[in-house]
Amino acid sequence: MSLLNLSGLSVSLGGAEVVKDLALEIAAGEFVGLIGPNGAGKSTLLRAVLGSIRCEGEISMDGRRAADLSVGERARRIAYLPQDREIAWPVAVERVVALGRMPHRRPGPGDLTVADRTVVRQAMEAADVAHLEKRRATDLSGGERARVLIARALAQCAPLLMADEPTAGLDPAHQIACMRVFADLAANGSSVLACLHDLGLAARWCTRIILMARGRIVADGAPRDVLTADRLAEVYGIRAHFGEAEGGMVIQPLDLVEDVPARLR
Ligand SMILES: Nc1ncnc2c1ncn2[C@@H]1O[C@H](COP(=O)(O)OP(=O)(O)OP(=O)(O)O)[C@@H](O)[C@H]1O
């Protein structure tokens, strides 16, 4: 069963088509890294799926047309971690994370159920923010805030998590921990679609890589098949070191290629 199915998806912003006739299917159990240069259209694609910007084409979630789903039904199917890490309200971390339970709760006032509290605690532990639970979210460092928002997205317990640059601003240990949490979600039957700029993390942890450039998908497949020297030169204008370690692929960008494509200069 596919959790997300897109066909003929196009988005125009400011008079330019920034996502162009895109087709994509994500099945349960996939950890998909969405990569591509700045401005390729990755965030726009996620926001179109969320319904926060207008688009053309068909979007279905869990076999249902997105247009037929209420906001709550969408939020129970897809959790979203935005690229913007601002937290507007000076409230305790545990309250921010508990917002992830909103799509599962009945309207009106009322305390979290015991089950909700358990999920919130597990999400805080997974994102390593349980020790910050009483701190005001607005007082945290950038990386700590990022982890609080990861916890909020995890607490939503949606079958598909879309995360926009989830590892940005995290230290190396928390970057790896984040990728490990997402890989575990996928191993347990959920799916993750994460925009990533760190090719090394993407190569090592994702089960599938989708490479976007100029609003289109230019490659889609296993990391080893997508992340080739020729593609990195063509799409990013870089050369990289490729290696193997601990049974996985290693990619370290080294330098710009000598003939940097004109659009990158
Ligand atoms: N509101 C807007 N009005 C006009 N153009 C926009 C708007 N929002 C985004 N764009 C343009 O759409 C294109 C795609 O942007 P998008 O944010 O999807 O790229 P991205 O692949 O996520 O990039 P990054 O890696 O830098 O986050 C960019 O050229 C951007 O300038």
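Computed from the coordinates by the stated procedures, all read-outs in this text should not be read as laboratory data. Keep in mind that what you see is a predicted model, and the values were worked out from it rather than measured. For neighbour counting, all protein chains shown are included, and Cβ atoms are generated from backbone atoms with ideal geometry for every residue, glycine included.
Classify the stretch 28-91: rounded, prolate or oblate, from the alpha-carbon gyration tensor (a ≥ b ≥ c, eigenvalue square roots; a/c under 1.5 rounded; otherwise prolate if a/b is larger than b/c)?
The shape class here is oblate.
In the stretch 190-258, which GluC sites (Glu not before Pro) fall in coil by DSSP and have 16 or fewer other Cβ atoms within 10 Å?
Filter output for the stretch 190-258: 246, 258.
Using helices alone, I'd like the mean residue ellipticity at 222 nm for the chain: each DSSP H run of four-plus residues gives -39500 (n - 2.57), total over residue count, nearest 500.
The per-residue figure over the chain is -8500 deg cm²/dmol.
Over the Cα atoms of the stretch 1-151, what radius of gyration and what Dmax do you get, in Å?
17.4, 49
Given contacts defined as C-alpha pairs under 8 Å and at least six residues apart, what's the relative contact order of the stretch 2-228, whole-number percent?
RCO, the stretch 2-228: 30 percent.
Just to be sure I understand the model, the point goes 7 Å from the Cα along the line to the Cβ. What's the resulting residue 184 to residue 88 distance in nm?
Spacing of the two 7 Å Cα→Cβ label points: 3.2 nm.
Please compute, over every Cα-Cα pair in the chain, the percentage with a separation greater than 34 angstrom.
Across the chain, Cα pairs with separations above 34 Å total 19 percent.
Taking amide H positions as placed 1.01 Å from N in the peptide plane, with prolines and chain starts having none, which residues 5 or more places from residue 29, or on another chain, fall under 5 Å of its amide H?
It is 189, 190, 191, by chain and number.
GNM, the chain, Cα, under 10 Å: largest mean-square fluctuation among 12, 43, 52?
52
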